[in-house]
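Here the structure is laid out as structure tokens; the discussion comes afterwards.
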Amino acid sequence: ASAPAAAAPIPGAPADGNIQLAWPARGSLLGRFDEKGNKGIDISGQRGDAVLAADDGRVIHVGPLRGYGNLVIIKHNETFLTAYGHNDKVVVTEQATVRRGQKIAEMGNTDADRVKLHFEVRRNGKPVDPMRYLPPQ
């Protein structure tokens, strides 16, 4: 028997093989992916700048997590999740369906040394370089 989650695919979600993402914030790149250190990328901005869903999906986590501050996690399909850290204010709730480009939060510096968005892409639970899935800036 298959898991109930498999019976209800996320509307508009890409096939599991690969994913094409939109930039989750406007700003310059502060930090790049590094398997030993930074599990994602960091994007600069001002407090209150919009943080956008990188693709269609379902919000599976909203709340504080040590090292990530106020965190939002979106599940795009059975393979891919995206995570958005250090938010000031979150404007979506868990289980909400979101669309690519929809505002999900406002940039902040919760559990960070400056205002920025920490953005991660996880493939089968493992961090992968978000730059592989984002268009050129």
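The values are calculated or read from the model by the stated rules, or taken from the named source; none is laboratory data. All values derive from a computational prediction rather than experimental measurement. Counting neighbours? That spans all protein chains shown, and the Cβs are built from the backbone with ideal geometry, glycine included. Surface areas here come from the heavy atoms of the whole protein model, side chains and all, with no ligands, DNA or RNA. Shrake-Rupley method; radii C 1.70, N 1.55, O 1.52, S 1.80 Å.
Using the heavy atoms of the protein chains and a 1.4 angstrom probe, tell me the accessible area per residue for the chain in square angstrom.
Working: 7050 Å² over 137 residues.
Heavy-atom accessible area per residue stands at 51 Å².
Please give the calculated 222 nm ellipticity per residue for the chain, where each DSSP H segment of at least 4 residues contributes -39500 (n - 2.57) and the sum is spread over every residue; nearest 500 deg cm²/dmol?
Values: 1 runs with 4 residues, N = 137.
Here the helix-only value at 222 nm equals -500 deg cm²/dmol.
So which lysines pass the test for K89, namely a Cα distance under 18 Å, with those fewer than 8 places away in the same chain ruled out?
K103, K116
How large a share of the accessible area of the chain, in percent, is made up of carbon and sulfur atoms when the probe is 1.4 Å and the other protein chains stay in place?
Of all accessible area on the chain, carbon and sulfur atoms account for 50 percent.
Filter the trypsin sites (Lys or Arg not before Pro) in the stretch 95-137 down to the DSSP loop ones having no more than 13 other Cβ atoms within 10 Å, then list what survives. Before the final figure, lay out each step's value.
Values: sites: R99, R100, K103, R114, K116, R122, R123, R132; in loops: R99, R100, R114.
Counting only loop positions with at most 13 other Cβ atoms within 10 Å, the trypsin sites (Lys or Arg not before Pro) in the stretch 95-137 are R99, R114.
Cα atoms only: what Rg and Dmax, in Å, come out for the stretch 5-137?
Taking only Cα atoms of the stretch 5-137, I get Rg and Dmax of 13.5, 42 Å.
Order 43-50, 72-79 from most to least packed using the mean count of other Cβ atoms within 10 Å.
Details: 43-50: 16.5, 72-79: 20.4.
In descending order of packing, they fall as 72-79, 43-50.
Let me have the relative contact order for the chain, percent, based on Cα pairs under 8 Å that are six or more residues apart. Numbers along the way, then the final one.
Details: 358 pairs, mean separation 38.4, N = 137.
With pairs under 8 Å counted, the relative contact order is 28 percent.
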